[in-house]
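The structure under discussion appears below in the form of structure tokens.
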Amino acid sequence: MNVSSSGRYSRAWIAIDLAALVENARTAARIAGTRLLPMVKANAYGIGAVAVSRALESIEPWGYGVATVEEGAELRASGISRSVVVFMPVQPSQFADCERFHLTPALGDVAAIRAWTARSPQPFHLEIDTGMGRSGLRWDEIASARSVLDTAALEGCYTQFYSADRADSTIDVQLERFMQSVGGLARRPQLLHVANSAAAVRGRRYALDLIRPGVFLYGGSPGPGLEMPRAVIRLEARVVALRDLSAGESVSYGALWTARAPTRVATLGIGYADGVRRSLSGRGVALVAGRRCPLVGAVTMDMTMVDIGDLPVAVGDTATLIGRADAGDAAITLDEYASAADVLQREALTSFGSRLPRVYD
């Protein structure tokens, strides 16, 4: 849902700063010194693939990355005309839709490559497995498949780093394997790309012809010591009820939390059905009236409780679970939220449900 104001929402919503997202894309491109292939798969990590792609059009990326043919078709229906690469291994049963929507399939086995090139002159990208062990043609098997790969339809080659966010040597080992395997081809493809968010902001060594930033675009930290992006989302919920508790009274299922002294609890209209993980029970915080307040009791399907002490709060006020409510407030970063929930940042983002309106600032 694309709306311009959160005022009409009485329960909960995600506010998205598209200007900050575009600035994060510019930052990644500046550091890497090459063109962008932004990853907008999984509905742009839950942010909204159509809105994100339209916003990124202003910086003229080379194209966009999706996971499924259906995601690519959605971009085409929205008017996106740039190249769209489908990164999940595309099955022959989906080739007709790839042709229909002019999508570039990622292929990683000889049989699929033969089937695609036999039916279509449209380009494909070859996935090379350099250590991820998930999909793609193994780096040490490229030479044996050279005759199949010697085709004009091979537009690009890529690999996936499995620990680019760590300061270890695996990224360089994978890069060496990738370049060695590409060197075994009859010709160098037009486009080589290996850099996810973490590799992209490490500089030009891993940039090659394109970078594929994902979580960095959406405000997620790419790893320790690396460039930090601008915050993109605010997760906000209304106070829907207030309760004054005496010492010894409990809150929510299982009575996991008991008040040690008289206090006040605000109930927020958001819960795990919206993607607020139950693991945040007793671990997360929310910004209420400018103060960080702990989540108390078990997070429930539709509601989450916050100990607000003596803060002057009324039903209808807004609490912030990710982001900065006002200019003077301390922020709850996406990284902090995800850490408290014991999930990856990208996992947190993609968990937010469809009943949370996306409000584009």
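Can you go through 25, 49, 44, 12 and tell me which one is more than 14 Å from the chain's Cα centre (by Cα) and either over 23 Å from residue 90 (Cβ atoms) or modelled with pLDDT of 95 or more (or both)?
Only one candidate passes the filter, namely 12.
Can you go through 312, 294 and tell me which one is in the same structural domain as residue 248 (by TED's automatic domain parsing), without any contact (Cβ under 8 Å) to a residue 40 or more places away in the chain and within 19 Å of residue 339 (Cα to Cα)?
Values: 312 fails: within 19 Å of residue 339 (Cα to Cα).
Testing whether each residue is in the same structural domain as residue 248 (by TED's automatic domain parsing), without any contact (Cβ under 8 Å) to a residue 40 or more places away in the chain and within 19 Å of residue 339 (Cα to Cα) leaves just 294.
Look through 322, 308 and report the one residue that is of a type outside the set (Gly, Ala, Ser) and either within 19 Å of residue 252 (Cα to Cα) or exposed (fewer than 15 other Cβ atoms within 10 Å of the Cβ) (or both).
Selected residue: 308, the only one of 322, 308 that is of a type outside the set (Gly, Ala, Ser) and either within 19 Å of residue 252 (Cα to Cα) or exposed (fewer than 15 other Cβ atoms within 10 Å of the Cβ) (or both).
Can you tell me which residue within the range 261-278, out of those that are charged (D, E, K, R) and in contact with a strand residue (DSSP E or B) (Cβ under 8 Å, 6 or more places away or on another chain), is surrounded by the most Cβ atoms within 10 Å (Cβ to Cβ)?
274
Considering 32, 73, which residue is aliphatic (A, V, I, L, M), free of Cβ contacts under 8 Å to residues at least 40 places away in the same chain and farther than 16 Å from residue 21 by Cβ?
Residue meeting the stated conditions: 73.
From the list 155, 227, 176, pick out the single residue that is at negative phi, in contact (Cβ under 8 Å) with a residue 60 or more places away in the chain and more than 16 Å from the chain's Cα centre (by Cα).
The conditions single out 227.
Looking at the range 84-92, is at least one residue touching a His at 6+ places or on another chain (Cβ under 7 Å) and closer than 30 Å to residue 224 by Cα?
Scanning the range 84-92, I find at least one residue that is touching a His at 6+ places or on another chain (Cβ under 7 Å) and closer than 30 Å to residue 224 by Cα, so the answer is yes.
Every residue in the range 246-260 that is of a type in the set (A, V, I, L, M, F, W, C), outside any loop (DSSP other than H, G, I, E, B) and either surrounded by fewer than 19 Cβ atoms within 10 Å (Cβ to Cβ) or at pLDDT below 95 (or both), please.
Selection gives 255 alone.
Given (1) under 30 Å from residue 67 (Cα atoms); (2) surrounded by 14 or more Cβ atoms within 10 Å (Cβ to Cβ), where does residue 342 come up short, assuming only one miss?
(2)
I'd like to verify a number: residues in the range 134-147 that are at pLDDT 95 or above and closer than 20 Å to residue 91 by Cβ, how many?
Number satisfying all stated conditions: 5.
Which numbered condition in (1) more than 20 Å from the chain's Cα centre (by Cα); (2) at pLDDT 95 or above is the only one that residue 109 fails?
Here residue 109 meets the rest and fails (2).
The values are calculated or read from the model by the stated rules, or taken from the named source; none is laboratory data. The structure displayed is predicted, hence computed values, not measured ones. No Cβ is skipped: glycine too gets one built from the backbone with ideal geometry, and neighbour counts run over all protein chains shown.
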